[in-house]
Amino acid sequence: MISVVIPCLNEAEALPGLLLALARESDAHEVIVADGGSTDATAEAARAGGARVMAAPRGRGAQLAVGAAAATGDVLWFLHADSKVAY
């Protein structure tokens with residue numbers, strides 16, 4: 001299984017598009033959003049898109065570490081919220 005880890009901080013606008021693209025993926029995967037203290041609707045958007053939300057300290061490295069620690073997959077795939085997934 002692939003664990004997709006997305007570090008976020010105030011990414012409520014960008015995140016839904018990525019989560020929609022990932023939902024179309026047929027391989028087994030989980031999506032973990034490591035939220036660094038967003039003040040917008042990032043967490044709500046992540047949950048609505050099927051992601052598990054982990055609270056993390058602010059800072060990309062710390063967020064990646066929290067997301068990786070929560071992952072259960074065999075492969076870690078780190079993406080930014082504004083990434084585009086093409087097939």
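Numerical summary
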quantity	calculated
Net charge contributed by nearby residues that have their C-beta within less than 14 Å of LEU79 (K/R +1, D/E -1)	-2
1.4 Å probe accessible area per residue over the chain, in Å²	54 Å²
For the stretch 71-87 and the stretch 32-51, distance of Cα centres in Å	15 Å
Environment charge at THR42 (Cβ cut-off 15 Å; Lys +1, Arg +1, Asp -1, Glu -1)	-2
Helical contribution to [θ] at 222 nm, DSSP H n ≥ 4, -39,500 (n - 2.57), averaged over the chain, rounded to 500	-9000 deg cm²/dmol
Neighbour net charge for LEU19 - beta-carbon separation under 14 angstrom, K R +1, D E -1	-3
The chain - percent of accessible surface contributed by carbon and sulfur, probe 1.4 Å	55 percent
Relative contact order (percent, whole number), the chain, Cα cutoff 8 Å, 6+ residue spacing	44 percent
Interatomic Cα distance distribution for the chain, bins of 5 angstrom, percent	3, 17, 29, 29, 16, 5, 1
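The values are calculated or read from the model by the stated rules, or taken from the named source; none is laboratory data. Everything quoted here is computed from the prediction, not taken from an experiment. Methodologically, a virtual Cβ is constructed for each residue, glycine included, from the backbone with ideal geometry; neighbour enumeration extends over all protein chains shown. All accessible areas refer to the heavy atoms of the entire protein, side chains included, with ligands and DNA or RNA removed. Shrake-Rupley method; radii C 1.70, N 1.55, O 1.52, S 1.80 Å.
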